[in-house]
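The block underneath contains the structure these notes are about, expressed in structure tokens.
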Amino acid sequence: MFIGDDDEPDWQPVVEDLSARLDDVLETVEDGVETKEEIVAAEEELDDIESTLDASDVPADAEERETLESWIEELRDRLPPAWQPAAESFEGRLDEIETEIDAVETTEEINALQADLADVESDVEDSDIPADAEEREELESRVADLDSEMPEEYHPTVWDLEAELDEIEAELDDAELESELDEIETELDAVEDEVEASEVPEEADAQEDLLGRIDDLRSAVEDERGPYSEDVQDEIEAAEGTLTDGDWTPEGADDAAVAVEEFLDLAGSQFVDTFEPDSDSPDDLAAALSNVRGIVDETDLDPDDDKGTIETLLESAETLTDDLDAAEQWTDLSVREQLERKGFYEPLESENRKDFPAEWNAIMLHEKAYKEGDTDAIEMILLGLETFDSDYMEENILDTLRRIAPPEALDALEPLATKRNKDAIEIMGKIGDEAALETIADYVEGGDVALRKTTLRALGAIGSEESTQSVADQLVDDNPEVRSTAARALGLIGDTRAIEPLADVLADDDADEVRASAAWALNQIGTQRARDAVASYTDDTAYIVQVEAEKATTESAA
């Protein structure tokens, strides 16, 4: 390594000898040390070289000494730790265990692998690999990972059960008959019993997975079953409901009739029979379908022997329901399209069609036509009330109905009245039909004074003596406006049973306007007894009561 000269120092041979020994160590390192013994031998050689150098007379400041020391340090760094081969050996043993885990098939093999892994773990703990060495941490971590991947002792049973389910799944793929599906269900029951009786713990994921797969296969069996006669009947019944519940446009009704006739023809070909509706009305079409449904039920089609017939009927019935769903109903159209089709806008002419809103103009024209004797015009007004989703239009249509009070509007107003709509209640009163009593009579009581007053006026306008008692009960209400309105309602009803309660109000109520209303009501009833109850109040301190008393006196004199 060093080139001498004629004046070489006395210590030069020492340097050359140590250099040669270091060359040998270098060669050993580069060839690769594989055992602990080789590493220890190399370390000891380096220690001896270093000791020899320290004991030699090579000057401390000689360049050759610095080179030798540097070389010794470099070789020490290149030598692996003495425990490195052991660490590599452990890695190899863990590699073998990992490979064997993937191939294990029996409980005995699992137990043997668990024992091998425990041996490796024990050997690592007993080794001289430092506790803080990265290699030791990696080995311990890998041991833990392999332990978590190690199959439980019961896994061979799980694998056997999974194999059974694989076979059943293959059978299901090939099954065509109900009897075959029944056999598969029996096999699934048997496997489930095996799972529950096995050593696989109930809380283990493996048991949950097995039972879940059994449930999935049962669902698949159900999906493969049928179709059945009942499926055909259900589909036909659904079509019947669509027909009778639908609000069909003329075009939609025609399409529905065609769809039903096509199904009836197909059903006739299957049963060698003829099915025809009495007419194209939705009810008659539904009745014809019901007839076919009854035949399907009576025929008792077998899911295996009559599978082709059932499938044909079901496919046709499903086509029928699809066609009916596609047929046009009024609800499929926009509000304007519905009204246009039903003739709502017909009264409009070119000059007023563009006025805003056209719908309100049409309502006004229908109102005018009704007043002139066209009773059919009310249908268009009520159509607007039913169709428009607008507070503005509802308010204005109710104004129209208030002006004309058509009896035909009673049913249309009832839903609004049940929601305590005061306009609807007022109009029902103007219509004067006793049929409204059941809807509005209860509203005379409660907290909403305005609603109560409106209802009392409506009951008075209807004039049914059936309402007398409930109205008279309001004569003692705490609110004077309610008492006054109730008194006037009794006058409009005209029931003589109200004379005494009204006379008591006239005599005792502390509100002059209430007393005046009672006096007015008694005059309105108009019998002599009623007028006499008022006539004595001509000198009353309340002028409005005096006026009614004088009327009673005049009427009695006449």
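Brief remarks follow.
- Cα centroid of segment 197-273 to Cα centroid of segment 454-476, whole Å: 57 Å
- Compactness check for segment 86-219: Cα Rg over 2.2 N^0.38 Å is 1.47.
- Translational diffusion of segment 229-332, µm² s⁻¹ [Kirkwood Rh, Cα pairs; Stokes-Einstein; 20 °C; 1.002 mPa s]: 158 µm²/s
- Convex hull volume of the C-alpha atoms in the chain, normalised per residue: 486 Å³.
- Whole-angstrom gap from segment 107-170 to segment 510-558, using each part's C-alpha centre: 109 Å
- Backbone geometry of segment 125-142 corresponds, through the Karplus equation with coefficients 6.51, -1.76 and 1.60 at θ = phi - 60°, to 3J(HN,Hα) couplings of 4, 7, 6, 8, 5, x, 4, 9, 6, 4, 4, 5, 4, 5, 5, 4, 5, 5 Hz, x marking Gly and Pro.
- In order through segment 110-123: 3J(HN,Hα) via Karplus (6.51 cos²θ - 1.76 cosθ + 1.60), integer Hz, x for Gly, Pro: 5, 4, 5, 5, 4, 5, 4, 5, 5, 5, 4, 4, 5, 5
- Whole-number percent relative contact order across the chain, with pairs defined as alpha carbons under 8 Å at least 6 apart: 6 percent
- Kirkwood radius for segment 15-72, taken over all pairs of different Cα atoms as the inverse mean of 1/r, rounds to 11.9 Å.
- Global geometry of segment 463-558, whether rounded, prolate or oblate, following the gyration tensor of its Cα atoms and the 1.5 cut on a/c: oblate
- Placed amide H near residue 329: partners under 5 Å, 5+ positions off or other chain: 249
None of the figures in this text is laboratory data; all of them are computed from the coordinates on show. Predicted model, so just to flag it, every value in this text is computed and none were measured.
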